[in-house]
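The values are calculated or read from the model by the stated rules, or taken from the named source; none is laboratory data. Worth saying up front: this structure is predicted, and the values here are computed from it rather than measured. Here Cβ is always computed from backbone atoms with ideal geometry, including for glycine, and neighbour counts include all displayed protein chains. Ligands, DNA and RNA are excluded from the accessible area calculation, which covers all protein heavy atoms including side chains. Shrake-Rupley method; radii C 1.70, N 1.55, O 1.52, S 1.80 Å.
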Amino acid sequence: MEEGRAASIRSEDFEIEDPLEDDHLMNTDDALNDQKGIWSRITEWQYRDQADTEANTGAKRIPWYARYFVRNLEEIERRGVPLYELDHEGNLRHVDRDEYISETRWFNQMTGDWLNTSKYYDSLRLTRGMKKLAVLLLTIVLLSFLWMKVLTSTNNDNPDLNRHHQFTEFDPYITYSNGTHEFNPLNIVISLSGFYPGLISDERTPFISALFKREHNEILKQNITTSPYMRPQFPLQSIPNMWTMVTGLYPSMHKMIANSFWDSKNEVEYRPGIIDPRVWVNNSEPIWETVQRAYNHDNNMNFKVYANMWPGSDVNYTSLNYIKLERQPYYMDVFDAQETMETKKSKIFNYIDTEDITERPQMILSVVNDLDTFGHLHGYPIDRDSPHKVEFLDKLKSVDQFINDTFAGLHERNMSAFTNILLVSNHGMADINFDNNVTIWEDLIHNEREYLRENDVISHMYMEGASLGIYVREAAHINPVYKIIKKHIDLERYNVFLAGNFPKEWNYDSINKDLGRGPTTNADTGTADTGTAQLKGRLPTIWIVPKIGNSIMLKEKYDIIAKKAKKEKKKYHGDTGPYVIGSHTFSDVDDARLQALFIATGPYFKDQEIGPINNLDIYNLLCDINGVSIRDRNPNNGTTSIYS
């Protein structure tokens, strides 16, 4: 286990946005009985600094009517308070703003300052009994007022009051016990790369099928929310969509616009595995940065995230001294294509089993690439014969068993009651008939090679799965190249797009200015830069995007696959049918084979089926279940709730 990089910090070091923001975290009918409802939370916030003073100085500043709620400082530390929003004295950080002048502060003035001010105390000359009675009556009045306010607030449009935890007793701010150890709430995200809902069946994936159908059993006792599918973003590739899930932004906004691209602004190439911080530094704010920053004060990482091979999590920013520590997950693994699911499972549970609660991650993100890797090589032989069909079915069963084992491990540790799990994917996969449905770029422009070569027209080209991104060196050559491609390509099978002319519904051409995002940062100097300029410096000038089942390839890549196809046909005496590969970068973004998976289970969620959702919503969802207030979130394109 990696040694922790920062000491644990006191819960007093956090701030709060609104004293009623997490009112709905508990069932308020039992608020006074379990001391976790609205009333007990308000009194905790009010007397927190008084408890500190009494513990440190021995001064008995806590009035008698508060001692029921603050019996000792340790109890305060463990209570359901959004600690990261309090300052070091336990006060609201935003009391200078009118909207944060709360009933709590009013209560403090009316019951504490007013009754203890000598002027009023002497003038009223209350006896001790009368004083207690007055406070009791005032307390009843205040409690009634607050209760009515909460009842009315559930029907208004205030997102800070109604946003989340309305329907559940899950509390992201308190500690839980599994019977032997204390735990912070645990939230796990597992992405099954290339997995689409059509792969689910009782025979092939029995455990995931039970999840998808919301069938409860000994292991699956918690609520389950399922969607028929989750919509990925164009381009339907791993890097853009994995980054969308953790940022809540369209690729045009987070700027990881493809699996491979040329960054003309920084004059650097990006391909999977490249972790140059200049490429990643301006790519918005991932969820691990949001949540670690929200809970972090004085560079003490109180909230820790473990990322297992999630794209962008292993970027080292130490060469950019203006980047803060929270930009990287506290724990992370570099990409390892050879990592088995068994190794992955062991890593996850090694972190979960960390003895010290302050060193244990509270959010885990992991990626399983086995299916996606297989699919690119052989497609998904579900309803067709293939020499690789047995191997494919074994892969599906292995993925299903990995998910089963993960749930079983949490059940064995008695952690299900405070663990939420999101089972998602980045995109699906569709077959390509290699023998008949592949176009070679060099053959396509054979008659135009002299013009292209003599004028040095094209600076960079990248195969984006089944598609091809082309960077034209000078603006004067854009239209001629575009016309050449349109002249020679089969427009029944391929779309040809100029940058700035993608379908509007793809949200791929320009940055959405409605979010009010300011300038980004120059990767070398740390000075202000414009996100629009960076986007334009990354988008291909021309993009050839095939319709589903087709592909355009550079000859070098084509020859490699052709050699494999020839070898396989020889091995099976030609009795294999067409050689099939797989991809997902097609223009048919709504095809069922290209959609992503979404299943969520745990104490936060409802037990219901919802409609199709967008992967833009994952960022806000993770903020919700990790207790990050709305004002501490990065502006994003996601919706307010998956249940809306």
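Largest accessible area first, the listed residues R473, R538, R231 line up as R473, R231, R538 when surface is computed with a 1.4 Å probe on the assembled protein chains.
Over segment 164-294, what is the relative contact order in whole percent, taking alpha-carbon pairs under 8 Å and six or more residues apart? Numbers along the way, then the final one.
Values: 106 pairs, mean separation 16.1, N = 131.
After rounding, I find 12 percent.
Let me check against my output: what whole-number percent is the relative contact order of segment 391-522, with C-alpha pairs under 8 Å and at least 6 apart?
Values: 43 pairs, mean separation 15.8, N = 132.
Relative contact order for segment 391-522 comes out at 12 percent.
Across the protein chains, with a 1.4 Å probe defining accessible surface, the residues D333, D607 rank D607, D333 from largest area downward.
Here the gap between K557 and E169, fully extended at 0.36 nm per residue and compared with their Cα-Cα distance, gives a gain of 134.3 nm.
A protection proxy built from the mean count of other Cβ atoms within 10 Å ranks the segments 393-400, 564-571, most packed first, as 393-400, 564-571. The 3J(HN,Hα) values that the Karplus relation (6.51, -1.76, 1.60; θ = phi - 60°) gives for segment 319-332 are, in residue order, 6, 10, 5, 8, 8, 7, 4, 5, 4, 9, x, 4, 10, 7 Hz. Gly and Pro appear as x. Computed with every protein chain present, the accessible area of S252 is close to 0 Å² [probe 1.4 Å].
Just grab the label-to-label distance for K566 and D385, each label 7 Å out from Cα along the Cβ direction, in nm (one decimal). My value for the distance between the label points is 2.5 nm.
For H460 and E203, what is the calculated FRET efficiency with R₀ set at 56 Å and r taken between the beta-carbons, to the nearest 0.05? Spell out each step's value before the answer.
Numbers: r = 46 Å, r/R0 = 0.82.
In this case the efficiency is close to 0.75.
Per-residue Karplus couplings for segment 603-610, computed as 6.51 cos²θ - 1.76 cosθ + 1.60 with θ equal to phi - 60°, are listed in order as x, 6, 8, 7, 9, 6, 9, 10 Hz, Gly and Pro entered as x.
What ranking, highest mean first, results for peptides 449-460, 575-586 when packing means the other Cβ atoms within 10 Å averaged over each residue? Mind showing how you got there, number by number?
Values: 449-460: 13.0, 575-586: 20.2.
Highest mean packing first, the order is 575-586, 449-460.
Can you give the convex hull volume per residue for the Cα atoms of segment 244-307, as a whole number of Å³? Mind dumping the intermediate values first?
Values: hull volume 6.8 nm³, N = 64.
Taking the convex hull of the Cα positions in segment 244-307, it is 107 Å³ per residue.
Relative contact order of segment 433-499, taken over Cα pairs closer than 8 Å and 6 or more residues apart, is 26 percent. Amide H to amide H, with H built 1.01 Å from N, L365 comes under 5 Å of V189, Y306, A307, N308, counting only residues 5 or more places away or on other chains.
Starting from 0.36 nm per residue, how many nanometres of slack lie between H181 and D575 once their C-alpha separation is accounted for?
On the way: separation 394, 0.36 × 394 = 141.84 nm, distance 5.90 nm.
Using 0.36 nm per residue and subtracting the Cα-Cα distance, I get 135.9 nm.
At an R0 of 30 angstrom, the distance between the Cβ atoms of N436 and D336 translates into a FRET efficiency of 0.25.
As a fraction of the 1.4 Å probe accessible area of segment 227-290, surface on carbon and sulfur atoms comes out at 43 percent. Amide H to amide H distances under 5 Å link Y494 with K547, where only residues 5 or more positions off or on other chains count and H is placed in the peptide plane.
With a simple spin-label model that places each label point 7 Å from the Cα along the Cα-to-Cβ direction, the separation between H411 and N350 comes to 2.6 nm.
Legend: calculated FRET efficiency, H446 to Y317, from the Cβ-Cβ distance at R0 = 35 Å, rounded to 0.05, equals 0.15.
Extending 7 Å from Cα along the Cβ direction at R473 and again at K504 yields two label points whose distance is 3.7 nm. Inter-part distance, segment 166-205 to segment 576-600, computed on C-alpha centroids, equals 26 Å. Of E203, E289, the order by accessible heavy-atom surface (1.4 Å probe, DNA, RNA and ligands excluded), from most exposed downward, is E203, E289.
Computed from backbone phi with θ = phi - 60° and the Karplus coefficients 6.51, -1.76 and 1.60, the 3J(HN,Hα) list for segment 454-471 is 5, 9, 6, 6, 9, 8, 8, 9, 9, 6, 9, x, 7, 9, 9, x, 10, 9 Hz; x is used for glycine and proline.
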